[in-house]
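Asker: Below: one structure in structure tokens.
The values are calculated or read from the model by the stated rules, or taken from the named source; none is laboratory data. Predicted, not measured: the structure shown is a model, and the values here were computed from it. Please note: Cβ atoms are built from the backbone with ideal geometry, for glycine as well, and neighbour counts cover all protein chains shown.
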Amino acid sequence: VLDRYLADNTAEQFIDEYLAPFARAYLQASEAGNDVSPQTDRILDLLRQYPSEEWMPVAMWVLTQPLSDVQRNDALSGLERVFGVYTAAGVSADQRSVRVVQLLRALQDAQSDARRGDTALANAFRIPDDIRQRAILRIKGSLPTSKVRKILLLRAHYAQLGALELPPRQLGIAQLLPSDAMPGVATNVDREQWVGRLGTLALVRGESIKADRAGSWEHIRQRIVPQAGMSPSIVTDLSNIDELTSEALSTRHEEIVRLIARFWDIVHDSDGVDLPALTEGELVRSTVGGNSLARSRRILLSDVVARGLLSPGDELVWARPTKGDEFRVTVTGAGQLQLKNGTTVNSPTAACEAVAGSRAAALDVWKRSSDGQSLRSLWKTYARRFAR
């Protein structure tokens, strides 16, 4: 590649056009305060909090482009959202790298094709339902590493504040639940169930704290107060919890989970299901390929495919004669719709958004190409024969 470039250009041009800008972008992304706006640096700080750097190539590309502050911050925020949700979902480093490459290509395509830029960007930052479900399931559960716990607690903190607050240089985690009985901790708290869950954790300036060393809940509560450099929030202030009961833990835990989902905009899936409101059992049944989340709420594409009303390989067409558009998607064996670019979505509505950036009446506009039957008629057949 370099030989082809140098055949028509000089080494000095290569340094000026590529090497120097990307070296500068690497420093900006890696370290705070390197010639970027304060808001951009706050967003980059979110990315620096992650234990891996698969996000770096996209951040560097964004920082080298002639974008306004708003455009740059929107792109970096979208990157953090995608990378954060995939990390929370437990997606492997290799799979995250593939997703980052897809994101970079989409950003480049959006920049080169202004006419389709908005749709390309919407697709670039889209998070599929299965990843949302996996992320919420893991956030609700017992988390293995302190690094991930800290990242999630900070996202809840930012969501409640409505702003990105630069955290102290040294930030620890307080483990609120002692391993043995303690004054102020109710006997109905199931320690085995709660260990490692976000409801039992808080953020503190300085070194981490373990409840076993505190002696009483009151002592713990007095230590978990907003300190210099951190505003009060559900993860930095325990002053409203007089006694640590199972009910108090559950309420706190569910609020933290919802705040994290709100920060990353993954509260709902493409069918409008409130994911944080679901039990872990419901989420597990969905993520392992069992009954759909909305069985009792709404008929989903995967339900219709499972009953054979739609078959893998069926092609759906959405024609818009007045605009001269025609979109085609293919039903997959997993009960999803595959777009022309190879990506998949979980619902007809999501397919409308992906191909046209529109929330059209999806069940009416998509028709099976083989017989012209609308999805609406197939949904009605399913409801009549199979829905309970």
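Asker: Considering region 188-203 alone, what residues qualify as being at pLDDT 90 or above and over 14 Å from Gly141 (Cβ atoms)?
Answerer: Ala202, Leu203
Asker: Let me ask something else about it. Which of the residues belonging to region 140-168 are of a type in the set (A, V, I, L, M, F, W, C), within 16 Å of the chain's Cα centre (by Cα) and more than 22 Å from Ile209 (Cβ to Cβ)?
Answerer: Ala159
Asker: Output the residues belonging to region 138-163 that are touching a helix residue (DSSP H, G or I) at 6+ places or on another chain (Cβ under 9 Å), more than 13 Å from Ala261 (Cβ to Cβ) and of a type in the set (S, T, N, Q).
Answerer: Hit for region 138-163 is Ser142, nothing else.
Asker: So, in region 305-320, how many residues would count as being assigned to a helix (DSSP H, G or I) and modelled with pLDDT of 85 or more?
Answerer: Of the residues in region 305-320, the ones assigned to a helix (DSSP H, G or I) are 305-306.
Add one more test, that the residue is modelled with pLDDT of 85 or more, and what stays is 305.
Summing the residues that are assigned to a helix (DSSP H, G or I) and modelled with pLDDT of 85 or more in region 305-320 gives 1.
Asker: Are any residues in region 43-58 in contact with a helix residue (DSSP H, G or I) (Cβ under 7 Å, 6 or more places away or on another chain) and closer than 18 Å to Trp264 by Cα, and if so, which ones?
Answerer: Taking region 43-58 and keeping what is in contact with a helix residue (DSSP H, G or I) (Cβ under 7 Å, 6 or more places away or on another chain), we get 43-44, 46-47, 49-52, 54-58.
Those that are in contact with a helix residue (DSSP H, G or I) (Cβ under 7 Å, 6 or more places away or on another chain) and closer than 18 Å to Trp264 by Cα: Ile43, Leu44, Leu46, Leu47, Gln49, Tyr50, Trp55.
Asker: Moving on to the next point. Residue check: is Arg328 at pLDDT 90 or above and among the charged types (D, E, K, R)? Steps first, please.
Answerer: Numbers: at pLDDT 90 or above: yes; among the charged types (D, E, K, R): yes.
Against the criterion (at pLDDT 90 or above and among the charged types (D, E, K, R)), Arg328 qualifies.
Asker: If you go through region 366-377 one residue at a time, how many are in a helix (DSSP H, G or I) and touching a Lys or Arg at 6+ places or on another chain (Cβ under 8 Å)? Please lay out each step first, then the result.
Answerer: Here is the first cut: in region 366-377, the ones in a helix (DSSP H, G or I) are 375-377.
When the remaining residues are screened for being touching a Lys or Arg at 6+ places or on another chain (Cβ under 8 Å), the result is 375.
Selection size over region 366-377: 1.
Asker: Here is a follow-up. Select from region 168-181 the residues that are part of a loop (DSSP other than H, G, I, E, B), touching a Ser or Thr at 6+ places or on another chain (Cβ under 9 Å) and surrounded by 20 or more Cβ atoms within 10 Å (Cβ to Cβ) and list them in ascending order.
Answerer: Across region 168-181, the qualifying residues are Leu176, Leu177.
Asker: Within region 226-249, work out how many residues are in a loop (DSSP other than H, G, I, E, B) and farther than 18 Å from Glu207 by Cβ.
Answerer: Matching residues across region 226-249 total 11.
Asker: Here is a further query. Answer yes or no: is there a residue in region 224-232 that is without any contact (Cβ under 8 Å) to a residue 60 or more places away in the chain and among the hydroxyl-bearing types (Ser, Thr, Tyr).
Answerer: The answer is no, given that none of the residues of region 224-232 is without any contact (Cβ under 8 Å) to a residue 60 or more places away in the chain and among the hydroxyl-bearing types (Ser, Thr, Tyr).
Asker: Turning to a different aspect of this structure: Take Gln338 and tell me if it is at pLDDT 90 or above, farther than 23 Å from Ala122 by Cβ, in contact with a strand residue (DSSP E or B) (Cβ under 7 Å, 6 or more places away or on another chain) and not charged (D, E, K, R).
Answerer: Numbers: at pLDDT 90 or above: yes; farther than 23 Å from Ala122 by Cβ: no; in contact with a strand residue (DSSP E or B) (Cβ under 7 Å, 6 or more places away or on another chain): yes; not charged (D, E, K, R): yes.
No; evaluated as a whole, the condition is false for this residue.
Asker: While we're on this one: Going through Val267, Val195, Val204 one at a time, which residue ends up being under 18 Å from the mean Cα position of the chain (by Cα) and either over 30 Å from Val345 (Cβ atoms) or of a type in the set (A, V, I, L, M) (or both)?
Answerer: Step by step, each of Val267, Val195, Val204 is checked, and only Val267 is under 18 Å from the mean Cα position of the chain (by Cα) and either over 30 Å from Val345 (Cβ atoms) or of a type in the set (A, V, I, L, M) (or both).
Asker: Looking for something surrounded by 15 or more Cβ atoms within 10 Å (Cβ to Cβ), within 27 Å of the chain's Cα centre (by Cα), outside any helix (DSSP H, G or I) and modelled with pLDDT of 90 or more - is there at least one such residue anywhere in region 38-48?
Answerer: No; the residues of region 38-48 include none that is surrounded by 15 or more Cβ atoms within 10 Å (Cβ to Cβ), within 27 Å of the chain's Cα centre (by Cα), outside any helix (DSSP H, G or I) and modelled with pLDDT of 90 or more.
Asker: Check region 286-299 and report whether any residue there is crowded, with 18+ Cβ neighbours inside 10 Å, farther than 25 Å from Val85 by Cβ and at pLDDT below 90.
Answerer: Among the residues of region 286-299, at least one is crowded, with 18+ Cβ neighbours inside 10 Å, farther than 25 Å from Val85 by Cβ and at pLDDT below 90, which makes the answer yes.
Asker: State whether one or more residues within region 116-132 are surrounded by 16 or more Cβ atoms within 10 Å (Cβ to Cβ) and within 16 Å of Leu47 (Cβ to Cβ).
Answerer: Yes - at least one qualifying residue is present in region 116-132.
Asker: What number of residues within region 193-225 satisfy the criterion of being of a type in the set (Lys, Arg) and either outside the structural domain of Ala174 (by the TED database) or not in a strand (DSSP E or B) (or both)?
Answerer: Adding up the residues that qualify gives 4.
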